[in-house]
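Worksheet: one structure, shown below.
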Amino acid sequence: MQAAMEITAKYCRKEMEDYGMCVASNPSSWQQDCYQLKVKVAHCTSSHPVIQKIRSDCSEPFSAFEQCLKLNQTSVGNCSEHISKFLACAETVKLSSLGEPVAVPHV
C-alpha cells in the first residue's frame, strides 16, 4: 500500500494535495464535501500514462504481491520480497513516448 501511495503521490501530486487540503478543512463533512476531489485522484491514478505503463509492464509481480497479501493478511511482512520485485520492475519501466525512465521512490 505504501508503494502505491508513493507512486500516486509522485504522479498525481496536485490531485492528492487538493484532496488532502479539502479533508483537513472539512473534518466533519469531508466525505461529502471532498467527493469530487477523491474522484479526480482516482481518475489520475487510473489514467496517468506512467501508472498505466507500470501496471501493464509489471502486472505479473504486482499480481504476485496482491496474492501474497491475500494469503498473509495478518502478517503482511511476509510479502516484502514480492513488493521489492514489483518496485524493481517499476524502476525499469521506460516510457518511450516520454523518453524518460520512471523513478520510483524506495520503500
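The values are calculated or read from the model by the stated rules, or taken from the named source; none is laboratory data. Since we're looking at a predicted model, the values are computed, not measured. Methodologically, a virtual Cβ is constructed for each residue, glycine included, from the backbone with ideal geometry; neighbour enumeration extends over all protein chains shown. Side chains included, ligands, DNA and RNA excluded: accessible areas come from the protein's heavy atoms. Shrake-Rupley method; radii C 1.70, N 1.55, O 1.52, S 1.80 Å.
Each peptide among 59-68, 82-91 gets the average number of other Cβ atoms lying within 10 Å of its residues, and from highest to lowest they stand as 82-91, 59-68.
So the label point goes 7 Å from the Cα of Lys14 along Cα→C-beta, right? Which residues of segment 33-53 then have their backbone N under 15 Å from it? What the label zone holds, given the 15 Å backbone N cut-off, is 37, 40-45, 48-49. Counting every alpha-carbon pair across segment 1-74, the share separated by more than 22 Å comes to 37%. A cut-off of 5 Å between modelled amide H atoms, ignoring neighbours fewer than 5 places along the same chain, links Val93 with Val102.
Once the Cα-Cα distance is subtracted from the 0.36 nm per residue extended length, the Gln36 to Ser84 segment shows a gain of 14.0 nm. If you sort Val76, Val41 by accessible surface, 1.4 Å probe, largest first, the order is Val76, Val41.
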